[in-house]
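One structure is given here, and the rest of the page talks about it.
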Amino acid sequence: MKILTVKELYQTMKEEFALTLITHPSTMEKTISTKYLHRPGLAFAGHIVRFSYQRIQILGETEISFIRSLDQNLLYERFKEIASYDIPGFIITKGLSVPEHMEYIADDMKIPIFTTPMGTDKFMNELRKYLNDFFAPSKTIHGTFVDIFGQGILLTGKSGIGKSECALELVERGHRLITDDAVKIKLRSDSLIGSSTNEYGHFMEVRGVGLIDVEKMFGIQAVRKEKSLDIQVELMPWRDTMDYERLGLRDNQVDILGEKVPIIYLPISPGKNVSVIIEVISMNHILKMYGYDASKVYTQRLQQDLQKKAKIRNANYEEKG
Amino acid sequence: MIRRKVQIKNELGIHARPATMIVKTATKYRSDLRIIKDDMEINGKSIMGVMTLAAEHNSELELVADGIDEQYLMDELTELFETKFGEE
């Protein structure tokens, strides 16, 4: 399980969320272990059973107006009890504030309190997006990730088989590179998103040449930051014994982070233009998504033809017989 | 070189599945395979070729195997036709 420190959340999002820390800086040592948020209205009302204390606590206008309506001593007791839980932190929206002694207790219990001028709903949506992304299951796959006609294609295969060279050729044909060599795959609400593992830019190693900067060389239209993963293409040396797909009636799939991804085992041999085949794979996939499966159409037509011919032949038999 | 005539005994004829079986068998061997139907002659290692024959039930094909392992290829192929490709 991944852990997000409050400090990291603050450092990365303070500008976007316009966060201000109102407690002591040392309170930021807390960690966040879940992507869910909680509005602790009921806890402040005294119902602390099943209190989701491990989540970030959001105090909106409703909570603040309730807190402010409470008797000072009662609020003091309640908040002391609430703060006795290991809460990652409070965030107050709409630029509101809490009574000062709440801040003292928070300081004491080492629980951070932030404020943001953003509206509660908008802020919670944005924060959820960030947390979802941070806590999303992810893995890194050795391969090259390209966008071909809007389809995210992950090229895999042994080192030196020519993934980078293939991607280079595709970029030259007007397609876009997401990343070369190591692809970070994230599961974002049922879809897989691939991106680079770092923020250095779109570099690539070409054997015998060294590193090249694809963005600098081919321009901004040749690259993109992330893309949904649609198909995996495994490049492999041609082997006579391997049982390659001939008609495409059977759909092979691999499991990536629990999602099924179509995979194509593509045999390559010298003189074979792999990039053109990758384009064809992408277009064929688009056609299939639109409901047109060439191999099914062809074999259906063949079957109809066979039936018709068989009928005529068997009728002729009977006449003769 | 060996030539042999076979008849299509399965009711559906040489549709996608039997065509795939023929091609997979043929590509296992080094010998060349030609298949002749009426005035058509195709390469037995090509899936599109075999399907192009559109060989229906009860039609007749001529198999021509040529190469060092032609006998084995021919025997295995004949067996496929005899057993109706595992179909009706």
- Note on the structure: Rounded to whole angstrom, the alpha-carbon centroid of segment A:197-235 lies from that of segment A:91-129 at a distance of 41
- Task: Search the structure for amide H atoms under 5 Å from the amide H of A:M204, placed 1.01 Å from N in the peptide plane, and list their residues when 5 or more places away or on another chain.
- Result: A:I212, A:V214
- Message: Starting from the 7 Å offset along Cα-to-Cβ, what nm value, one decimal, do you get for the label separation of A:M13 and A:R239?
- Response: 4.8
- What is the percent of Cα-Cα separations in segment A:195-277 that go past 22 Å? 48
- Query: What whole-number value in Å² describes the accessible area per residue of the protein assembly as shown for a 1.4 Å probe?
  - Reply: 54
- Task: Could you calculate the FRET efficiency of B:E88 with A:Q253 from 1/(1 + (r/R0)^6), where r is the beta carbon distance between them and R0 is 30 Å, rounded to 0.05?
- Result: 0.45
- Message: Let me understand the protein assembly as shown better: what is its radius of gyration from the alpha carbons, and its Dmax, in angstrom?
- Response: 33.1, 109
- Of the heavy-atom accessible surface of chain B (probe 1.4 angstrom), what whole percent is carbon and sulfur? 47
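If you build the Cα gyration tensor of chain B and take the root of 5 times each eigenvalue, what three semi-axes come out, in whole angstrom, biggest first?
They are 18, 13, 12 Å, listed largest first.
Would you mind telling me the share, in percent, of accessible area of segment A:108-192 contributed by carbon and sulfur at probe 1.4 angstrom?
47
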- Can you flag which of A:K158/B:K45; A:K14/A:K94; A:K272/B:K45 are past 24 Å Cα-Cα? A:K158/B:K45
- Task: Would you mind checking which residues have amide H under 5 Å from A:V254's amide H? H placed 1.01 Å from N; only 5 or more apart, or other chain.
- Result: A:V261, A:I263
- Query: To the nearest 10 degrees, how steeply does helix B:70-82 sit against the main Cα axis of chain B, on a 0 to 90 scale?
  - Reply: 10
- Taking trypsin sites (Lys or Arg not before Pro) as candidate sites, keep only those in a DSSP loop with at most 12 other Cβ atoms within 10 Å, then name the longest stretch of chain A containing none of them. A:51-157
- Beta bridge orientation in the protein assembly as shown: antiparallel %, DSSP, nearest 5: 70
- Tilt, helix B:16-28 to longest principal axis of chain B (alpha-carbon atoms), in degrees rounded to tens, equals 10
- Accessible heavy-atom area order of A:V183, A:V254, highest first, probe of 1.4 Å: A:V254, A:V183
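What value, in deg cm²/dmol to 500, does the helix sum -39500 (n - 2.57) over DSSP H runs of n ≥ 4 give at 222 nm once divided by the residues of chain B?
Numbers: 3 runs with 32 residues, N = 88.
-11000 deg cm²/dmol, from helical runs alone.
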- Item | Mean separation of Cα contacts under 8 Å (6+ apart) over length of chain B, as relative contact order % | 44
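Which translational diffusion coefficient, to the nearest whole µm²/s, is obtained for segment A:3-156 from the Stokes-Einstein equation, given a Kirkwood hydrodynamic radius over C-alpha pairs, 25 °C and 0.890 mPa s?
Rounded to a whole number, D works out at 146 µm²/s.
The values are calculated or read from the model by the stated rules, or taken from the named source; none is laboratory data. All values derive from a computational prediction rather than experimental measurement. Positions of Cβ are generated from backbone atoms using ideal geometry, with glycine treated the same way; all protein chains shown enter the neighbour counts. Note: accessible area is taken over every heavy atom of the protein model, side chains too, but ligands, DNA and RNA are not part of it. Shrake-Rupley method; radii C 1.70, N 1.55, O 1.52, S 1.80 Å.
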